[in-house]
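Asker: Have a look at this one before I ask anything.
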Amino acid sequence: METKFVAPQLRYEAGSLAPVISEQTIGFHYGKHLQTYVNNLNTMVVGTEWEHASLEEIAAKAQGGIGNNAGQVLNHNLYFEQFAPKPTRNRPEGKLAEAIEKSFGSFDEMKSRMSAAASTLFGSGWAWLCADQEGNLSVAQMANADNPLRHNLRPILTFDVWEHAYYLDYQNRRPDYLAALWTIIDWQIVESRFEK
């Protein structure tokens with residue numbers, strides 16, 4: 001079987017995001033959870049209408065198991081790609097900064113809304129900073145494997161609030177995990193998603 005979908009190569013060492021995200025959590029979350037979604041998706045698409053589709057197309061439109069696994073691969077890829085052990089700055093600049101100001105009034109207000117969406121999501125899922133076709137930003141809660149592409153929105157920044165993302169490091173202290181994530185965001189990566 002051809003392996004079409006792969007987990008992204010991490011741009012940092014597995015232990016380098018500690019203490020925000022431990023090497024053990026990266027090992028389980030990236031190394032096992034994400035890899036299982038990748039393996040499932042590669043197996044499930046064979047012989048289906050999705051066999052030659054892109055990950056983005058499948059995550060946006062497929063239903064059932066294929067859609068769930070594609071959504072989780074896409075979501076996790078975006079999640080792991082947006083971090084850096086020592087980001088060069090602690091807030092966005094340029095067009096993304098302007099759009100945040102326009103949509104939320106301030107960067108701090110966007111942070112507050114994003115953290116609130118992530119901390120109050122019931123059960124498993126994701127909090128997203130999304131952009132519409134005109135570049136207007138919004139914050140959204142999405143359950144399970146849902147993602148902005150399904151809602152005709154562009155994913156800009158995401159926080160994973162499935163328990164496996166934080167339980168080894170923070171147990172039931174989800175707000176502590178969310179507060180710590182802000183310190184490892186690579187804003188250049190997030191800006192590039194917005195400027196695409």
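The values are calculated or read from the model by the stated rules, or taken from the named source; none is laboratory data. All figures in this text were calculated on a predicted structure; none of them were measured in a lab. Note that each Cβ is placed from the backbone with ideal geometry, even for glycine, and that neighbours are counted across all protein chains shown. Accessible surface is based on the protein model in full, side chains and every heavy atom, while ligands, DNA and RNA are left aside. Shrake-Rupley method; radii C 1.70, N 1.55, O 1.52, S 1.80 Å.
Asker: If you check every pair at least six apart or on different chains, which have Cβ atoms under 8 Å apart with a residue in region 89-100 that is farther than 13 Å from Arg193 by Cβ first and a residue that is among the small types (Gly, Ala, Ser) and assigned to a helix (DSSP H, G or I) second?
Answerer: Arg91/Ala97
Asker: Is region 174-196 home to any residue that is over 23 Å from Gln35 (Cβ atoms) and at pLDDT below 95?
Answerer: yes
Asker: Hey, can you tell me all the residues within region 1-46 that are crowded, with 17+ Cβ neighbours inside 10 Å, touching a residue at least 40 places away in the same chain (Cβ under 8 Å) and among the β-branched types (Val, Ile, Thr)?
Answerer: Val20, Ile21, Thr25, Val45
Asker: Restricting to region 181-196, count the residues that are over 16 Å from Gly94 (Cα atoms) and open to solvent by 20 Å² or more (accessible area, probe 1.4 Å).
Answerer: The qualifying residues number 2.
Asker: Could you figure out which of (1) of a type outside the set (Gly, Ala, Ser); (2) at pLDDT 95 or above; (3) over 20 Å from Tyr177 (Cα atoms) isn't true of His52?
Answerer: (2)
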